[in-house]
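Here's the structure, in structure tokens; my notes come after.
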There are 2 protein chains.
Amino acid sequence: MGGVGAHAPPGARPIHAIGIVGIGLIGGSFALAVRRARPGVRLIGVEREPALERAAAMGVFDRLGSDLAALHGADLIALSAPVRQNAAVLTELGATFPTPVLITDTGSTKRVLLEAAHALPAHVSFVGGHPLAGAARAGAEAARADLFQRRPWLLTPCEATRSLADVELVASLVSDLGAEPHVMDAEAHDHVIAFLSHLPQLTASALMHVVGNRVGARDLTLAGPGLADTTRLAASPPAIWRDICATNSDAIALALDALIDALQRLRGDLTAGEAIEEIFGSAGRWRALIESGQRIREPEVS
Amino acid sequence: MGGVGAHAPPGARPIHAIGIVGIGLIGGSFALAVRRARPGVRLIGVEREPALERAAAMGVFDRLGSDLAALHGADLIALSAPVRQNAAVLTELGATFPTPVLITDTGSTKRVLLEAAHALPAHVSFVGGHPLAGAARAGAEAARADLFQRRPWLLTPCEATRSLADVELVASLVSDLGAEPHVMDAEAHDHVIAFLSHLPQLTASALMHVVGNRVGARDLTLAGPGLADTTRLAASPPAIWRDICATNSDAIALALDALIDALQRLRGDLTAGEAIEEIFGSAGRWRALIESGQRIREPEVS
């Protein structure tokens, strides 16, 4: 890497090589989207041995390895493993990566990385990131270059973000991938995402679990599109969610308490129906807001 | 109506005229579907004064009125108002309808009609009915002739069902409308539908209420497709649901208790994650069953 600029702040330099650690739905889609938006950038993938073959089958990486040493030469590294693994990798890169580098991640909780970020050496800059995108199916096989089109991508700078230019560099990259960057701090992120993403996931899984167990396979075939929509998220893999819940447990507990409280109010007033009137009325107004947003987005989604 | 057959069991006679009481999404779709499947049948609609104009605008009814007397001459009457109104109309028709008639309904709870059915005179036969169909929008404006295509239509015969032929007549009619008739008793219906339909509705509304109130309008624009799917049902109108909850409160309370229990188990184990593993695992298996059912259905849905 040496030569002029080797010790300049990472954000001031162009990106020649991007490393991605963890090649699942998000990491794989990130690779495909970068290849489409910035065809000249070199792509390096790191994945555990058993999943390396699936990553290779994507045909998008210039180099693949199962060791972080494969990242040698990357200007920017995106961590796309489950969040607690991302924290461990960030710590290890801080201790071993020899050249200036800008690191970001794509995890669903952001406070978890602050401690590892705090310990980073000065030549490593870190900007947290979270694309609000997903798909019904997980894994590299489901990766798509357009997964982030018109989706928000939250950026959470912290004390390990060495310059504003680093935030701008990541924002510019994710904009090129079709996403809409929004900057917020890690604390605010984890609180709002507990409600926008983590609570809906836990609710959909709990609902599917309860309905399936209580009605059984035969009667489940009677279910209408309402149950199908409400439980779509229940196909999500548990492993990712163990990490998310463990690293955002305080905010998620508050969100679950609020939902349990609303369900208990409905339960206590099924006959008179005043809680139904109030909660359905409020829900209908918020839902209309979501639908108006979708109508604005949908015509342009590919 | 007189002449030969006037006092024969209703189910033994062909249907010449169908009356529909309550012209919303379901009643309106029922009318459109009958017009398409059985073009020779006369259609009579009954709706409250303020909504009569919308029903007339559908252009599908041979006669429209705001009084049950408009139903004169109907061989079959479908009650499609909110369920407590259907029970009141059934009682009134039992006391006033002069000729043999087969009555069914399209409500989401079935035990509510048993008392009114018990008091019916012998020339009135009743078979409960519940099409498991819905749409994101309510009202006659959203009515569609294909709303029932390949959807289950539950039939709940009771002591006021005068002959097996009456059940067969309704089953044959709804089959012609594209639906799949299933016979069960009212008690079993209300229990299983509390889980398959009522619980998902209450959950979606409670979730949308909580998320909207806690994150506010600005951050709600960040929401991804997961929240949008999980809260799709929250657009449902409160009025219908006050009736449904009031007439199935015991079964719905059990369903809510089961969900609250699962949410509390998740809440109590966010850090260790064993409840997440178990509930997500179970939910994923049930969800896969729903998806395999959808894959079978979807290619043929119009």
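The values are calculated or read from the model by the stated rules, or taken from the named source; none is laboratory data. Everything numeric here is computed off the predicted structure, so don't read it as measured data. Heads up, the Cβs are rebuilt from the backbone with ideal geometry, glycines too, and the neighbour counts pull from every protein chain shown.
Every residue, every condition in (1) under 15 Å from the mean Cα position of the chain (by Cα); (2) under 20 Å from residue B:235 (Cβ atoms), yes or no:
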site: B:179; (1), (2): yes, no
site: B:195; (1), (2): yes, no
site: B:201; (1), (2): yes, yes
site: B:205; (1), (2): no, yes
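Screening A:235, A:239 for residues that are modelled with pLDDT under 95 and facing chain B (nearest Cβ under 7 Å) leaves exactly one candidate, A:235. Contact map, segment A:252-269: residues that are closer than 25 Å to residue A:241 by Cα paired with residues that are not in a helix (DSSP H, G or I), Cβ distance under 6 Å, separation 6+ or inter-chain. Pairs shown: A:252/B:270.
Cβ-Cβ contacts under 9 Å between residues 6 or more apart (or on different chains), taken from a first residue in segment A:41-53 that is exposed (fewer than 12 other Cβ atoms within 10 Å of the Cβ) to a second residue that is at pLDDT 95 or above, are listed as A:49/A:66.
Conditions (1) of a type outside the set (A, V, I, L, M, F, W, C); (2) surrounded by fewer than 20 Cβ atoms within 10 Å (Cβ to Cβ); (3) more than 17 Å from the chain's Cα centre (by Cα), marked per residue:
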residue	(1), (2), (3)
A:242	yes, no, no
A:245	no, no, no
A:262	no, no, yes
A:268	yes, yes, yes
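Residues are listed down the side, and each one gets a yes or a no for (1) in contact with a helix residue (DSSP H, G or I) (Cβ under 9 Å, 6 or more places away or on another chain); (2) β-branched (Val, Ile, Thr); (3) crowded, with 21+ Cβ neighbours inside 10 Å:
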{"position": "B:172", "(1), (2), (3)": "no, no, no"}
{"position": "B:176", "(1), (2), (3)": "yes, no, no"}
{"position": "B:190", "(1), (2), (3)": "yes, no, yes"}
{"position": "B:194", "(1), (2), (3)": "yes, no, yes"}
{"position": "B:201", "(1), (2), (3)": "yes, no, yes"}
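A residue that is of a type in the set (Val, Ile, Thr) and farther than 22 Å from residue B:189 by Cβ cannot be found anywhere in segment A:216-231. Can you give me the number of residues within segment A:131-152 that are closer than 20 Å to residue A:105 by Cβ, within 11 Å of chain B (Cβ to nearest Cβ) and among the small types (Gly, Ala, Ser)? Number satisfying all stated conditions: 4. If you go through segment A:1-39, how many residues are touching a strand residue (DSSP E or B) at 6+ places or on another chain (Cβ under 7 Å), among the small types (Gly, Ala, Ser) and at pLDDT 70 or above? Adding up the residues that qualify gives 5. Six or more apart or on different chains, Cβ atoms under 6 Å: show the pairs whose first residue is in segment B:138-151 and closer than 8 Å to residue B:178 by Cβ and whose second is hydroxyl-bearing (Ser, Thr, Tyr) and surrounded by fewer than 16 Cβ atoms within 10 Å (Cβ to Cβ). Correct list of pairs: B:146/B:302; B:149/B:302. The single condition among (1) in contact with a Pro (Cβ under 7 Å, 6 or more places away or on another chain); (2) within 7 Å of chain B (Cβ to nearest Cβ); (3) closer than 22 Å to residue B:214 by Cα that residue A:246 does not meet is (1).
Taken over segment A:182-204, the residue count meeting the criterion of being touching a Leu at 6+ places or on another chain (Cβ under 7 Å) and within 18 Å of residue B:259 (Cβ to Cβ) is 6. Considering A:73, A:107, the condition of being crowded, with 16+ Cβ neighbours inside 10 Å and of a type outside the set (S, T, N, Q) is satisfied by A:107 alone. In segment B:154-213, the qualifying residues are those that are polar (S, T, N, Q) and more than 9 Å from chain A (Cβ to nearest Cβ), and the one that is farthest from residue A:224 (Cα to Cα) is B:163.
Every condition in (1) touching a Lys or Arg at 6+ places or on another chain (Cβ under 8 Å); (2) outside any strand (DSSP E or B) holds for residue B:33 except the one numbered (1). Within segment A:251-288, the set of residues being of a type in the set (S, T, N, Q) and either more than 7 Å from every other protein chain (Cβ to nearest Cβ) or part of a helix (DSSP H, G or I) (or both) comprises A:264, A:282.
For residue B:221, the criteria (1) more than 23 Å from residue B:282 (Cβ to Cβ); (2) more than 7 Å from chain A (Cβ to nearest Cβ); (3) without any contact (Cβ under 8 Å) to a residue 40 or more places away in the chain hold in every case but one, which is (2). Taking segment A:135-175 as the range and being among the charged types (D, E, K, R) and out of contact with any Leu (no Cβ under 6 Å at 6 or more places or on another chain) as the test, the residues that pass are A:137, A:141, A:144, A:146, A:150, A:159, A:162, A:168.
Taking segment A:15-31 as the range and being over 18 Å from residue A:81 (Cβ atoms) and either touching a helix residue (DSSP H, G or I) at 6+ places or on another chain (Cβ under 6 Å) or touching a residue at least 60 places away in the same chain (Cβ under 8 Å) (or both) as the test, only A:15 passes.
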